[in-house]
Amino acid sequence: WFYDVSEQGYRHHMSDIFASIGLSQLKRLDQFKKKRYDLVCYYVKLLRQESVKLIANIDHEETMAHIFPIILEEGVDRIKLKEKLFKRGIETGFHYFPNHKLTFYRDNKAKELKITEKIYHRLITLPLHYDLSLNDIEYIVNCLKIDINLLKGK
């Protein structure tokens with residue numbers, strides 16, 4: 001999850017096969033959006049009961065989340081948390097590395113972003129994909145709660 005960007009990338013076009021798959025998937029867009037909406041709403045409901053901060057109040061009826069990042073409390077080691085959750089079968093991520101810290105932008109005199117720097121080390125992304133169930137979300141949130149408490153020594 002740690003990466004660097006040292007130079008500008010270039011645009012690439014997908015193959016006709018991938019374009020065909022994408023077009024067929026667009027027919028299911030409303031179904032995908034509804035499922036993700038339900039999953040995100042359930043995450044929000046369960047996490048509001050915990051000491052976990054949500055990134056923002058997003059109108060999930062207007063947007064379709066592709067990731068579900070949360071902000072951990074100060075002092076919770078997200079790398080250790082990631083390892084603990086992985087042992088329980090839960091893959092998490094760190095999205096996204098602050099752009100101004102990437103070599104490409106740093107070398108181009110990017111400005112410091114103090115709030116980003118303050119919270120980046122506290123961000124962790126929980127699983128969010130079409131194959132998750134509400135029971136999976138409950139399991140993830142319960143494990144998250146247990147592991148955060150273990151890391152805090154409770």
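The values are calculated or read from the model by the stated rules, or taken from the named source; none is laboratory data. All figures in this text were calculated on a predicted structure; none of them were measured in a lab. Methodologically, a virtual Cβ is constructed for each residue, glycine included, from the backbone with ideal geometry; neighbour enumeration extends over all protein chains shown. For accessibility, only protein heavy atoms count, side chains too; no ligands or nucleic acids. Shrake-Rupley method; radii C 1.70, N 1.55, O 1.52, S 1.80 Å.
Quick one: accessible area per residue over the chain, 1.4 Å probe, rounded to a whole number of Å²?
71
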Percent relative contact order of the range 16-121, based on C-alpha pairs within less than 8 angstrom and at least six residues apart?
-> 17
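At 1.4 Å probe size, put Phe2, Phe104 in order of accessible surface, largest to smallest.
Putting Phe2, Phe104 in descending order of accessible area: Phe2, Phe104.
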Estimated vicinal HN-Hα couplings, Hz - the range 23-30 in sequence order (Karplus 6.51, -1.76, 1.60; Gly, Pro = x) = 5, 5, 5, 4, 5, 9, 4, 4
May I ask you to rank Cys143, Cys41 by accessible area, largest first, using a 1.4 Å probe over the protein chains only?
-> Cys41, Cys143
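For the chain, with all protein chains present and a 1.4 Å probe, just round the carbon and sulfur fraction of the accessible area to a whole percent.
Working: 5970 of 10890 Å².
Carbon and sulfur together cover 55 percent of it.
What is the dipole size for the chain, taken about its Cα centre, with +1 at each Lys and Arg Cβ and -1 at each Asp and Glu Cβ, in debye to the nearest 20? Present the calculation step by step, with values, prior to reporting the outcome.
Details: 26 positive and 21 negative charges, 69 e Å.
Computed about the Cα centre, the dipole is about 340 debye.
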How much accessible area does Met14 have with a 1.4 Å probe, in Å² rounded to the nearest 10?
-> 130
222 nm mean residue ellipticity, helices alone, for the chain (DSSP H n ≥ 4; -39,500 (n - 2.57); rounded to 500) | -13500 deg cm²/dmol
May I ask for log10 I(q)/I(0) of the range 8-154 at q = 0.16, 0.18 Å⁻¹, from a Debye sum over the Cα atoms as equal point scatterers with solvent left out?
-> -1.01, -1.14
